Amino acid sequence: MTLSYTLFFALILLFPGLCAWAALRAVERTDLLTPRPDKPNSTATLFVIVVGTIFGHLVGALAFVLQNVWCRLTQACFTVAFDPNVYKMIFTIGRNAGVINDFAVFAWLSDLTLVGLFAGWAATVLARVRWVKTRWDAMDFGWLSKPAREVAEGRSFILAYVVTKTSHEGANIAYEGVVQQLAVDDDQVITMVVLGQVDRFLVRVTARGVERTDEPHPPIAQMQLHLSEIANIALEVLDDPAADGD
C-alpha cells in the first residue's frame with residue numbers, strides 16, 4: 001500500500017508537467033505533418049514534463065502568496081477549518097493542516113487540478129509563439145520544418161514525385177501529386193505520404209537517362225504510400241497562386 005500511495009502522490013505532483021506535455025503534443029499536430037511518437041526515455045519529453053511541473057507549482061505557490069497578501073490587506077477572506085494551501089499540507093506531511101474533512105480533500109485536489117490546467121494552457125500559448133515553434137519544429141522535423149511552416153501559413157504547397165518498388169520489364173510505377181500528409185521516423189526519413197490529385201506514370205532508366213512515360217487517364221483523388229512501397233521520393237515546394245491573389 002505504501003508503494004501505491006507513493007505512486008499516487010507522485011502522479012499528482014507531476015500532473016502539471018503531464019498537462020504541459022499533452023498540450024504541446026496537441027498543438028504541434030498539423031494537417032501536413034504527423035508527429036512522431038515519443039521515444040522511450042526521451043530527454044525532450046522529460047524536459048517538458050519537469051519544466052511544466054516546476055513552472056506550474058511555482059505559479060500555484062505564488063497564487064497562495066498573493067491570496068495571503070490580499071486577505072491581510074482587505075480582510076475580505078473567510079476562515080475555513082483547514083489550511084487551503086495544499087503545498088503546506090504536502091511539505092508538512094499533513095501536520096498543522098487543520099481539520100482534514102471532506103471539503104479539505106476536495107479543495108486540495110481542486111488546487112492541484114487548476115495548477116495542471118494552467119500549465120497545459122501556458123504550454124499551448126508558448127507552443128504557438130513563433131520563436132519557440134520554429135526551434136521546436138526544427139528539432140522535431142528537421143529538414144521538413146521550413147516547408148511545413150510555409151504550407152501551414154498558406155503560402156505554399158508541396159508536390160511529391162514518388163517512385164515505387166513495383167516494376168515490370170525495367171519500368172517502375174511512379175506517382176505525382178500534392179502532399180496532404182507526411183510522417184517521418186527518428187532519422188527524419190519519410191515513412192508515409194498521402195497524396196491528392198495523383199497522376200501515375202512509368203519511369204525507366206536507360207543509357208540516355210531517366211525516361212518518363214505518360215498515358216492519358218483521370219487523376220486518382222487520394223492515395224497513401226508506405227515506406228515499404230517507396231523506392232525514391234522527391235519533394236518540390238511551390239508557391240500557392242491562390243495565396244498570392246489574396
Query raised in the report: Taking the stated definitions as given, is V184 under 30 Å from A44 (Cα atoms), without any contact (Cβ under 8 Å) to a residue 40 or more places away in the chain and assigned by TED's automatic domain parsing to the domain that holds I233?
Result: no
Report summary line: Taking segment 101-121 and the residues there that are among the small types (G, A, S) and in contact with a helix residue (DSSP H, G or I) (Cβ under 7 Å, 6 or more places away or on another chain), the one that is nearest to L11 (Cα to Cα) would be G116
Report task. For segment 196-246, enumerate the residues that are within 37 Å of the chain's Cα centre (by Cα), among the acidic types (D, E) and outside any loop (DSSP other than H, G, I, E, B). Result -> D199, E229, E236, D239, D244
Report task. Can you tell me which residue within segment 174-195, out of those that are at negative phi and in a loop (DSSP other than H, G, I, E, B), is modelled with the highest pLDDT? Result -> V189
Query raised in the report: Before we move on, is E229 charged (D, E, K, R) and in contact with an Asp or Glu (Cβ under 7 Å, 6 or more places away or on another chain)?
Result: no
Requested in this report: Tell me, yes or no, whether segment 143-150 has at least one residue that is touching a helix residue (DSSP H, G or I) at 6+ places or on another chain (Cβ under 8 Å), under 17 Å from L32 (Cβ atoms) and assigned to a strand (DSSP E or B).
Outcome: no
Report task. Could you grab me the full set of residues in segment 213-239 that are closer than 20 Å to G170 by Cβ, touching a residue at least 24 places away in the same chain (Cβ under 8 Å) and not aliphatic (A, V, I, L, M)? Result -> T213, E229, N232
**Report entry** Candidates A171, A152, A207, A148, filtered to the one that is more than 17 Å from D239 (Cα to Cα) and either modelled with pLDDT under 80 or not assigned by TED's automatic domain parsing to the domain that holds V237 (or both)
**Finding:** A207
Report task. Output the qualifying pairs, or none if there are none: Cβ atoms under 8 angstrom, residues six or more apart or on different chains, first residue in segment 88-103 and at pLDDT 65 or above, second residue of a type in the set (A, V, I, L, M) and surrounded by 10 or more Cβ atoms within 10 Å (Cβ to Cβ). Result -> K88/A97; M89/A97; I90/L13; V99/A81; N101/A81; F103/V80
Query raised in the report: When both residues are 6+ apart or on different chains and their Cβ atoms are under 6 Å apart, which pairs have a first residue that lies in segment 61-78 and is assigned by TED's automatic domain parsing to the domain that holds A119 and closer than 15 Å to V115 by Cα, and a second that is among the polar types (S, T, N, Q) and modelled with pLDDT under 90?
Result: F64/N85
Query raised in the report: Just one of the numbered conditions (1) surrounded by fewer than 18 Cβ atoms within 10 Å (Cβ to Cβ); (2) free of Cβ contacts under 8 Å to residues at least 40 places away in the same chain is not true of A174; which one?
Result: (1)
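The values are calculated or read from the model by the stated rules, or taken from the named source; none is laboratory data. Just so it is clear, the model here is predicted, and its values are computed rather than measured. Counting neighbours? That spans all protein chains shown, and the Cβs are built from the backbone with ideal geometry, glycine included.
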